[in-house]
Amino acid sequence: MFGFACAAMIPALIISRMISPENKKQPNPVKTLPMECGQVPSGAGRTHFMMQYYAYVLMFVIFDVMAIFLYAWGSTLLDLPRTATLPIIAFLGIMFAAMAYALYQSKRKDIW
């Protein structure tokens with residue numbers, strides 16, 4: 001597998017060197033302009049991050065990861081031995097602890 005990766009990588013690097021522009025020291029001035037989807041940006045580059053959305057995002061990620069693993073575990077539940085229940089209980093404990101921490105942080109910073 002490593003040999004195939006090297007065999008695919010080396011020609012890709014050589015071909016990209018061959019078709020790249022020759023003048024690397026002085027790039028096109030348009031290339032160095034800041035762009036947003038092909039448009040010249042307007043306004044400030046940095047905006048204030050709303051901290052109230054941090055807890056929502058964190059809890060979404062926690063529930064998303066939990067759903068992925070619970071679906072995989074639940075779809076093979078009948079084929080698994082009884083000893084496979086303990087790791088999923090530990091996993092759920094870790095996920096619920098992370099969710100409790102997100103709720104604690106949101107209450108502490110008064111963002112809800």
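Annotation note: Cβ proximity below 9 Å between a residue of the stretch 70-84 that is modelled with pLDDT of 80 or more and a residue that is in a helix (DSSP H, G or I) and among the small types (G, A, S) (sequence gap 6+ or interchain) occurs for W73/A84; T76/A84. Here Y104 clears all of (1) at pLDDT below 85; (2) surrounded by 12 or more Cβ atoms within 10 Å (Cβ to Cβ) except the condition numbered (2). Of the residues making up the stretch 66-112, those that are out of contact with any helix residue (DSSP H, G or I) (no Cβ under 7 Å at 6 or more places or on another chain) and outside any helix (DSSP H, G or I) number 5.
The values are calculated or read from the model by the stated rules, or taken from the named source; none is laboratory data. Everything quoted here is computed from the prediction, not taken from an experiment. Glycine gets a Cβ as well: all are built from the backbone with ideal geometry, and neighbour counts include every protein chain shown.
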